Amino acid sequence: MALQLHNTLTKTTEPFVSQQPNIVKLYTCGPTVYNYLHVGNWAAYIYWDTLVRTLMANDYTVNRVMNITDVGHLVSDADDGEDKLEKGAKRDGKTAWEVAKYYGDDFLKGMDRLNLITPTHVTKATEYIDQQLSLVRTLAEKGFTYQIDDGIYFDTAKFPAYADFAGLDLDAQKAGARVTYNDEKRNPSDFALWKFTQAGEKRDMEWETPSDILDANGDVKTKMGFPGWHLECSAMAMDILGDTLDIHTGGIDHIPVHHTNEIAQSESASGVRFSNFWLHNNFVKSNGTKISKSLGNGYTLDDLNEKGYSELDYRMLVLQSHYSSEGNFTFENLSAAQNRLQHWRAIAALRHQTHDTLSNDDGITDDKVVILLATKQAIVNALNDNLNTPLALSVIDEAFGQFDGKAPADVHERGLNQLLETIDETLGLKLIDSTPDISDDQKQLLIERQRAREAKDWAKSDQIRDIFAEQGITLRDNQHGVVWEYDQGR
Ligand code: AMP
Ligand code: ZN
């Protein structure tokens with residue numbers, strides 16, 4: 001099956017086509033680094049990592065930009081309220097620069113812990129100020145901007161398709177906004193491209209507004225300012241990837257404001273479509289409740305570790321839901337995901353226990369090999385069907401089910417290895433890395449135990465089993481002999 005994806009832009013599931021053959025220009029809205037990411041945030045990055053892996057399985061080279069928002073994301077979507085970074089700085093007793101560095105580094109470490117592929121370009125908004133200002137300049141020259149007391153705004157009435165992407169009702173917005181919106185704005189949906197530092201405001205992060213983008217007739221109290229969050233993504237995406245992206249991803253929360261604004265300003269500046277595909281992940285909730293630090297359920301990766309769960313257990317939990325449906329984070333579900341991963345690792349460890357039987361011959365085409373190789377294709381097919389991860393997981397369960405209780409000698413080593421490689425490449429669960437072979441000493445000990453069992457020396461057999469248990473390995477005896485597997489928590 002060829003890759004197809006649900007496109008928010010067209011509201012249909014379409015065959016994916018890139019502009020250049022075999023190259024995908026992909027932009028992912030990254031985190032605002034004013035705090036640790038919680039499990040909900042991480043879900044988004046796990047889903048988009050699956051997209052990258054699926055593209056790679058389809059032989060695409062992925063040129064991917066992910067931003068780190070380290071300035072300008074205000075606590076409210078209405079272009080007022082505090083900058084999240086400046087707020088985080090007050091909370092932690094640090095500067096906004098220190099806060100951004102600390103949580104930005106923690107984010108990159110978390111990407112590694114979850115085995116998320118590092119994007120080709122990870123860009124900080126504060127390192128792209130010139131590109132952002134030049135985008136404002138282009139928009140100003142084309143007549144899309146106006147200046148008011150607190151910043152330079154985009155006039156959404158000048159972009160007639162503004163409401164289309166999210167199906168917004170702009171009249172209702174106008175009717176509802178009278179009380180709350182900054183009445184210097186021409187339309188409630190207008191948004192700040194560049195904000196001015198306010199009189200009396202003390203900011204750690206601010207830059208001088210170039211005179212040529214300031215309104216000659218305007219009256220600004222200070223020339224210092226900072227970019228709006230929406231501007232950052234457009235500027236970084238277009239600077240690195242060009243005017244038209246193949247795919248742009250983000251959370252469903254981004255559709256009505258952030259992505260709508262990215263489209264308006266990018267397309268007004270370039271005159272061409274900003275992205276051919278838009279993909280949005282739904283939210284992971286906790287039994288239907290929002291996940292957030294203030295509700296006490298905003299668990300971090302460290303919190304999960306403290307409760308005995310690994311990052312990859314959580315990755316499995318996220319993959320169990322389709323990216324476009326609401327996920328459910330509970331410790332019960334996490335436990336089930338952990339058990340599933342544990343089972344898969346036990347199967348992965350069988351590749352070391354096949355005793356080099358005839359069934360590893362190259363020419364062999366018995367049923368077992370055929371099932372293993374067909375499973376590889378079925379996984380890619382499931383992912384090609386709009387990233388259907390739950391289906392991919394059940395395909396794997398089914399294939400692995402055939403090994404339960406079987407003799408390791410029945411396992412086709414090469415077939416299993418190839419299947420494990422496909423699973424690791426597409427789902428990033430590190431089945432191979434987490435299940436290395438046991439040592440020669442341990443193998444020797446297994447032979448000793450086998451001899452003890454043949455001699456009905458159960459005491460010695462149990463004693464050796466205990467030695468393995470201390471080393472984090474469980475031995476299981478069945479009618480075919482012994483099978484070892486690693487214990488949970490690796
Ligand atoms: P933020 O740092 O607030 O911009 O959020 C980072 C990313 O996490 C954004 O792409 C959000 O769409 C996403 N996000 C936030 N909460 C959740 C959640 N509960 N489930 C899935 N994605 C989320
Ligand atoms: Zn963005």
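Applying the selection to region 409-421, what residues are crowded, with 21+ Cβ neighbours inside 10 Å, part of a helix (DSSP H, G or I) and not hydrophobic (A, V, I, L, M, F, W, C)?
Correct list: GLY415 only.
Considering only residues that are buried (at least 16 other Cβ atoms within 10 Å of the Cβ) and modelled with pLDDT under 95, look in region 390-408 and name the one that is nearest to TRP484 (Cα to Cα).
Among those residues, the one meeting the criterion is PRO408.
Where residues in region 446-490 are of a type in the set (A, V, I, L, M) and loosely packed, with under 15 Cβ neighbours inside 10 Å, which of them is farthest from LEU312 (Cα to Cα)?
Checking each candidate, the answer is ALA455.
Given the structure, is SER266 closer than 19 Å to VAL39 by Cβ and among the small types (Gly, Ala, Ser)?
In short, no.
State which residue is nearest to THR197 (Cα to Cα) when the search covers only region 223-251 and only residues that are within 13 Å of ligand 2 (Cβ to nearest atom) and open to solvent by 20 Å² or more (accessible area, probe 1.4 Å).
TRP229
If HIS254 meets every condition in (1) under 19 Å from PHE154 (Cα atoms); (2) in contact with a Ser or Thr (Cβ under 8 Å, 6 or more places away or on another chain); (3) within 16 Å of ligand 2 (Cβ to nearest atom) apart from one, which number is that one?
All conditions are met except number (2).
Among the candidates THR12, THR28, THR32, which residue alone is open to solvent by less than 70 Å² (accessible area, probe 1.4 Å), more than 11 Å from ligand 1 (Cβ to nearest atom) and not aromatic (Phe, Trp, Tyr)?
THR12
Looking at region 479-489, is at least one residue assigned to a loop (DSSP other than H, G, I, E, B), without any contact (Cβ under 8 Å) to a residue 60 or more places away in the chain and in contact with a strand residue (DSSP E or B) (Cβ under 8 Å, 6 or more places away or on another chain)?
Looking for residues that are assigned to a loop (DSSP other than H, G, I, E, B), without any contact (Cβ under 8 Å) to a residue 60 or more places away in the chain and in contact with a strand residue (DSSP E or B) (Cβ under 8 Å, 6 or more places away or on another chain), one finds at least one in region 479-489, hence yes.
Considering only residues that are free of Cβ contacts under 8 Å to residues at least 40 places away in the same chain and open to solvent by 10 Å² or more (accessible area, probe 1.4 Å), which ones fall in region 252-264?
Matches in region 252-264: ILE252, ASP253.
Exactly one condition in (1) closer than 15 Å to ALA346 by Cα; (2) part of a helix (DSSP H, G or I); (3) open to solvent by 50 Å² or more (accessible area, probe 1.4 Å); (4) not hydroxyl-bearing (Ser, Thr, Tyr) is not met by LYS430; state its number.
Result: LYS430 passes all but (2).
Name every residue in region 131-157 that is open to solvent by 20 Å² or more (accessible area, probe 1.4 Å), part of a helix (DSSP H, G or I) and touching a helix residue (DSSP H, G or I) at 6+ places or on another chain (Cβ under 7 Å), in order of residue number.
Within region 131-157, GLN131, ARG137, THR138, ALA140 meet the criteria.
Among LYS11, LYS25, which is within 16 Å of ligand 2 (Cβ to nearest atom) and more than 16 Å from the chain's Cα centre (by Cα)?
On inspection, the qualifying residue turns out to be LYS25.
Just for region 35-60: of the residues that are among the aromatic types (Phe, Trp, Tyr) and closer than 30 Å to ARG91 by Cβ, which one is surrounded by the fewest Cβ atoms within 10 Å (Cβ to Cβ)?
Here the answer is TYR36.
Among the residues that make up region 265-277, is at least one of them over 20 Å from VAL17 (Cα atoms), within 15 Å of ligand 1 (Cβ to nearest atom), open to solvent by less than 40 Å² (accessible area, probe 1.4 Å) and at pLDDT 95 or above?
No - not one qualifying residue is present in region 265-277.
Of all the residues that make up region 433-449, how many are outside any loop (DSSP other than H, G, I, E, B) and under 13 Å from HIS352 (Cβ atoms)?
Counting residues in region 433-449 that are outside any loop (DSSP other than H, G, I, E, B) and under 13 Å from HIS352 (Cβ atoms) gives 4.
How do the pairs read when you match residues in region 127-139 that are more than 19 Å from ASP70 (Cβ to Cβ) with residues anywhere that are among the aromatic types (Phe, Trp, Tyr), using Cβ under 8 Å and keeping only pairs 6 or more apart or on different chains?
Within 8 Å, the pairs are LEU139/PHE154.
Mind checking which residues of region 32-90 are away from ligand 2 (no atom under 16 Å from the Cβ), part of a loop (DSSP other than H, G, I, E, B) and within 21 Å of the chain's Cα centre (by Cα)?
Matches in region 32-90: ASN35, TYR36, HIS38, ASN58, ASP59, TYR60.
The values are calculated or read from the model by the stated rules, or taken from the named source; none is laboratory data. Note that this is a predicted model, so its numbers are computed, not measured. For neighbour counting, all protein chains shown are included, and Cβ atoms are generated from backbone atoms with ideal geometry for every residue, glycine included. Protein only, heavy atoms only, side chains kept; ligands, DNA and RNA dropped before computing areas. Shrake-Rupley method; radii C 1.70, N 1.55, O 1.52, S 1.80 Å.
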